[in-house]
Amino acid sequence: EEDYKIDNLFYRICYFCFVLGVNFYQNRCSKARCVSLIVVTVNCCINLYFVGYIGYLCINQKFESNRVATSIAMGTWVLQATLSTIFLAFWQSRNDTGQVIELLYEANKGAGIHHSRRCLVAIVRSFYFAIALTVLFKVGLMIAYQLDLKVGFMDEELPMVFGDRRLFLIVQLSCTYCMLCWTVALFIFSLLVHSTYFEFRYFNEQVRSIKCNYENKTDESLCCYLLELMKTHTRLTECVKSLDKMFNRYAFVMIATIIPVTIFSLFMITHRPDRSCVMQILLSCPLVFFCLFTFFTLVDPPSQLHDTIYSTKSALCANTHIWFPYRPNVYHSALAFACHLDQTNLGVSIWGFAVVSKPLVLTTLSVMVTCLATFLQLGD
């Protein structure tokens, strides 16, 4: 059973941080943190210079819809990877992940995590799969550039970022490094949000299963049990607040950048697909896949968490064993519990602007489809 604890699963993902040299935990020696700082700084500076070079080409060259869409998508993608690397180092320096895991275990002894361990293991396995796909995709791009092959609708001037086509390998290695860090940061986000979601889902099952059984055969014992559930919910809400404090800026930056990338990548695929560019479209499909995968990884777990938190009060109100027959002590305890559950702003927010929820995701998808249709009309 020890192999399925969230801290062990989390360590399997964070192990890649140590391999990549992102090691900013305070309990590490100053030499290791200094080396990590140098590695991260150099790679991030190279990527930011590359993003600036992409912007320069988009402004100063003749406008071509497919080329500009590809350049903007690639530049934003590299920017996301760079920012994720910075966020990953920031989380390590503050030990935010350790605090969230500690709060998860203090809330309900990790019962929800234990009952949903197979789903967490599946997340870790999908992490390995994403790492393998990322490496294969970047290695394929490196080989294509070395062989002077045209990759998708890529700007032919991009390999001249350092004035020599052969030096473009430096940018590719730097982008690969930050993309691997981006994958680690993304799955840390997914793992912690899913773990909190599983804890709340198990808590809701506890609320639904309240009844006058052998353990709660008297009104006083049932009131005490409701009070214990209220305390557990308080600890879970503290965990959600800590989770939101850790991820609200990251969610804001990633969602704000992944939306235009997804629109431009879909525009690149759907705009005038004829036989002459079928191979270019096929080579551009991995970019579209990664954009869609990242978008749903960012919005699906927080929306499920918010929906589960919001449904706790419904589970309490639907439990007839609490409300009938009428017992004054139990009724007032349950009413106090229901008032305590009336917290609609709990969840992972987008830097405090809005909580990620299913209505927000639906609205975002509708706006994205509308923008894509508008761009296709303007492109024609």
I'd like to know if segment 233-244 contains one or more residues that are assigned to a helix (DSSP H, G or I), open to solvent by 70 Å² or more (accessible area, probe 1.4 Å), at pLDDT below 90 and of a type in the set (D, E, K, R).
no
Pick from 107, 111, 89, 130: which is under 19 Å from residue 247 (Cβ atoms) and in contact with an Asp or Glu (Cβ under 9 Å, 6 or more places away or on another chain)?
107
Would you be able to say whether some residue in segment 194-215 is modelled with pLDDT under 90 and of a type in the set (Gly, Ala, Ser)?
yes
Given (1) surrounded by fewer than 21 Cβ atoms within 10 Å (Cβ to Cβ); (2) in contact (Cβ under 8 Å) with a residue 24 or more places away in the chain, where does residue 125 come up short, assuming only one miss?
(2)
Taking only segment 322-352 into account, find how many residues are in contact with a helix residue (DSSP H, G or I) (Cβ under 7 Å, 6 or more places away or on another chain) and open to solvent by 90 Å² or more (accessible area, probe 1.4 Å).
3
Please find, within segment 156-171, the residue that is most open to solvent (accessible area, probe 1.4 Å) out of those that are over 10 Å from residue 50 (Cβ atoms) and not in a loop (DSSP other than H, G, I, E, B).
166
Any chance you could count how many residues in segment 103-127 are within 13 Å of residue 197 (Cα to Cα) and not in a helix (DSSP H, G or I)?
2
Just the residues that are polar (S, T, N, Q) and either surrounded by 11 or more Cβ atoms within 10 Å (Cβ to Cβ) or in contact with a Leu (Cβ under 9 Å, 6 or more places away or on another chain) (or both), please, taken from segment 353-369.
357, 363, 364
Please verify whether residue 269 is modelled with pLDDT under 90 and among the β-branched types (Val, Ile, Thr), treating the condition exactly as stated.
yes
Please verify whether segment 199-221 includes one or more residues that are open to solvent by less than 10 Å² (accessible area, probe 1.4 Å), hydrophobic (A, V, I, L, M, F, W, C), in contact (Cβ under 8 Å) with a residue 40 or more places away in the chain and within 25 Å of residue 91 (Cα to Cα).
yes
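The values are calculated or read from the model by the stated rules, or taken from the named source; none is laboratory data. Just so it is clear, the structure is predicted and the values come from calculations on it, not from any experiment. Counting neighbours? That spans all protein chains shown, and the Cβs are built from the backbone with ideal geometry, glycine included. Heavy atoms of the whole protein, side chains included, go into the accessibility calculation; ligands, DNA and RNA do not. Shrake-Rupley method; radii C 1.70, N 1.55, O 1.52, S 1.80 Å.
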